[in-house]
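Notes for the one structure printed next.
The values are calculated or read from the model by the stated rules, or taken from the named source; none is laboratory data. This structure is a prediction, so every number in the text was calculated from the model and none was measured. Neighbour counts are summed over all protein chains in view; Cβ atoms, including those assigned to glycine, are modelled from backbone coordinates with ideal geometry. SASA here: full protein model, heavy atoms, side chains in, ligands and nucleic acids out. Shrake-Rupley method; radii C 1.70, N 1.55, O 1.52, S 1.80 Å.
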Amino acid sequence: DEALKHIYTALKIKEEIGDKNGLIRSRNAIGLVKVKLKMPKEGREWLMNGLHLAKEINSLVLIKESYLGLTEADSALGNFGDAYEHYKLFILYRDRLNNDVITKEKVESQMQFEFDRKEASAKSEQEKKDIVQRNIRNSIAAGLAGTLFFLLVTYRQRNRIAREKKRSDELIIEKEM
């Protein structure tokens, strides 16, 4: 009884704010509590009301929950044929939701795989570009170093030739004198 008071309060709040999911959950909860309190006929009415609203908004999860509650209500009423049908519908929606989850997980996995593959490809391309740039930079550095070495050798040779020429000129001048 105490649970019902709280659920009715929640139902009223859900109606005021227009929360259809909350309305369905509250109606299903009232239905289940009524079934537990040995009022399965009233409970079934609440659950059917929740089911109709769940179908109206096409909430598979809430439709599934409503069918499970109706299974309990019909069993309590002795309507085992209806209970069986509602249980089959519960199983159908449960499996459909599970299949949707599995399909979603597969799609996410495939998308992640494609993303990782493209990321690896982009990383590989960037590494190739980095290697080419490093080779160009190293070639330029080696060319500059070679040029600098050549200039140094040429400079030293010119200085040595100039010194030798000066000495030769001095020797010629000494001989003439």
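Miscellaneous remarks
- No other residue among 32, 53 is in contact with a Lys or Arg (Cβ under 7 Å, 6 or more places away or on another chain) and among the aliphatic types (A, V, I, L, M) apart from 53.
- Test: residue in segment 64-76 that is at pLDDT below 90, surrounded by 14 or more Cβ atoms within 10 Å (Cβ to Cβ), assigned to a helix (DSSP H, G or I) and of a type in the set (A, V, I, L, M, F, W, C): no
- Subset of segment 39-48 (residues that are in a helix (DSSP H, G or I), free of Cβ contacts under 8 Å to residues at least 12 places away in the same chain and either buried (at least 21 other Cβ atoms within 10 Å of the Cβ) or among the aliphatic types (A, V, I, L, M) (or both)): none
- Residues of segment 104-120 that are open to solvent by less than 80 Å² (accessible area, probe 1.4 Å) and of a type outside the set (Asp, Glu): 107, 109, 120.
- Annotation: residue 36 fulfils all but one of (1) within 21 Å of residue 86 (Cβ to Cβ); (2) touching a residue at least 12 places away in the same chain (Cβ under 8 Å); (3) over 38 Å from the mean Cα position of the chain (by Cα); the unmet one is (2).
- Checked against the criteria, residue 84 counts as open to solvent by 70 Å² or more (accessible area, probe 1.4 Å), modelled with pLDDT under 95 and within 30 Å of residue 44 (Cβ to Cβ).
- Residue 123 vs. criteria open to solvent by 90 Å² or more (accessible area, probe 1.4 Å), of a type outside the set (Gly, Ala, Ser) and within 34 Å of the chain's Cα centre (by Cα): yes
- Subset tally (residues that are open to solvent by 90 Å² or more (accessible area, probe 1.4 Å) and either part of a helix (DSSP H, G or I) or in contact (Cβ under 8 Å) with a residue 40 or more places away in the chain (or both)) for segment 152-177: 17
- Only one of the numbered conditions (1) among the basic types (Lys, Arg); (2) open to solvent by 100 Å² or more (accessible area, probe 1.4 Å); (3) under 27 Å from residue 15 (Cα atoms) is not met by residue 134, and that is (3).
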